[in-house]
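To keep things clear, I will list the structure first and then write my remarks on it.
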Amino acid sequence: MEPVAKKLRCSEADLKVVLGSGDDETVQWHHSIYLACKSKYIDAMLAAPMREKEERTITFPDIDLETWQKMLKFLDSPLAARKMSAPDALELAVWYDKYEFGQGRELCEEVISEFLTEGTLTKLERDYSLDIDFIIDLVKVARKANLNAPFEKGMKYIMGKMRAHIPPYDSGMFNKGRMTTLAPLLRYARDNGLSIAVRMSTYGLDPDSEYFPDSFVDKDQLLEAQLLLTRCVSRIEICGTRCDADGLYEQEEIRGDLSFVPLYGNESSWGSQAMYRFSIERNKERNWAIVREVEPTEFLEDGGPDPGAIVVRPCWMAPYSSGRMLPPLTGWVSTDPLARGQPKLNYILVKSVQGL
């Protein structure tokens, strides 16, 4: 179908459009039927028995001439629409939404969504050209312009980076200023279907709190220091247990958590019960514990023990250690009648810490 504007080239523009205000006020003339087809807002203003209809005048005090011309360019020209960039969409999306230019709003939603795809963001990261402030600005505009799909995409990316610890695109990007900007967006995400992701990405902190930006930065810096500490510790030595739990332990992931297992193996017995090994891991309350793993009775095809068949029994526990990244050096309490010794741990440090 031929655009309305082309049909009306021989007719006189009948709608006065006033842009800006004060000394910056400018006037443009357009065909009313053309703009009414593009904007439900304009259509409603011209249809109602109001001053705008009588005077054939529409005023946009918050839109300047340059912005207005850009808005119409992307609506008039399919070629221009195909070339709309993310910065263009960032600039225009709110105006398209506010004044109900449906076609323009949909175009901005498509452009911003495309920019926030995993493939595009991964490429920007790989080229070291990603601008986190621009990402945040896009999400802010998506929220303000009610662009739900790009808002969700952008927030999922941001919240994923808030949990990441591989620079440069990780939690270190989010200083107090950026967290102050993100707080209302996190609240909106939490209240509209992303509550679990918000809780995970904010260390369980409350985005409603006025202290949230500071608390997040403090918590993240503490975690960063703890992660560095774990990389500095190559092994842990246990002594003083008066049993085969004494020895060297190395890092290993057990049941999804950082744990420590015997370096050389310490299979033995515990009283009259056969054992598989000792290990240092977290209990259900997230406190650190030195546990014994009872010899399994079921094995996998490769001969290894079936993890689901291993029974874990605590021998010593470190009270109030849930907030520690590493098991504490002292303060261990016996949780088994046969655990008579007093464990003491030593951290064995690496000679140097290299980048990942």
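Exactly one residue among Thr297, Thr330 is over 32 Å from the mean Cα position of the chain (by Cα) and either modelled with pLDDT of 90 or more or open to solvent by less than 20 Å² (accessible area, probe 1.4 Å) (or both), and that residue is Thr330. Of all the criteria given as (1) at pLDDT 90 or above; (2) open to solvent by less than 30 Å² (accessible area, probe 1.4 Å); (3) within 28 Å of Leu326 (Cβ to Cβ), the one not satisfied by Ser215 is (2).
Considering Ala309, Ala339, Ala274, Ala289, the condition of being farther than 26 Å from Lys219 by Cβ and at pLDDT 80 or above is satisfied by Ala339 alone. Out of all the residues in the range 35-49, which are in a loop (DSSP other than H, G, I, E, B) and either open to solvent by less than 80 Å² (accessible area, probe 1.4 Å) or under 9 Å from Glu100 (Cβ atoms) (or both)? Of everything in the range 35-49, those that are in a loop (DSSP other than H, G, I, E, B) and either open to solvent by less than 80 Å² (accessible area, probe 1.4 Å) or under 9 Å from Glu100 (Cβ atoms) (or both) turn out to be Ser39, Ala48.
Number of residues in the range 63-78 that are in a loop (DSSP other than H, G, I, E, B) and touching a residue at least 24 places away in the same chain (Cβ under 8 Å) equals 2.
Only a single item in (1) open to solvent by 60 Å² or more (accessible area, probe 1.4 Å); (2) touching a residue at least 24 places away in the same chain (Cβ under 8 Å) is not met by Trp29, and it is number (2).
Picking from residues in the range 238-269 that are modelled with pLDDT of 85 or more and β-branched (Val, Ile, Thr), the one that is surrounded by the most Cβ atoms within 10 Å (Cβ to Cβ) is Ile238.
Please verify whether Val217 is β-branched (Val, Ile, Thr), more than 29 Å from Glu100 (Cβ to Cβ) and over 12 Å from the mean Cα position of the chain (by Cα), treating the condition exactly as stated. It is true that Val217 is β-branched (Val, Ile, Thr), more than 29 Å from Glu100 (Cβ to Cβ) and over 12 Å from the mean Cα position of the chain (by Cα).
The values are calculated or read from the model by the stated rules, or taken from the named source; none is laboratory data. Being a predicted model, the structure only gives us computed values, none of them experimental. A quick note on method: Cβ atoms are made from the backbone with ideal geometry, for glycine too, and the neighbour counts reach across all protein chains shown. The area values use the complete protein model at the heavy-atom level, side chains included, leaving out ligands, DNA and RNA. Shrake-Rupley method; radii C 1.70, N 1.55, O 1.52, S 1.80 Å.
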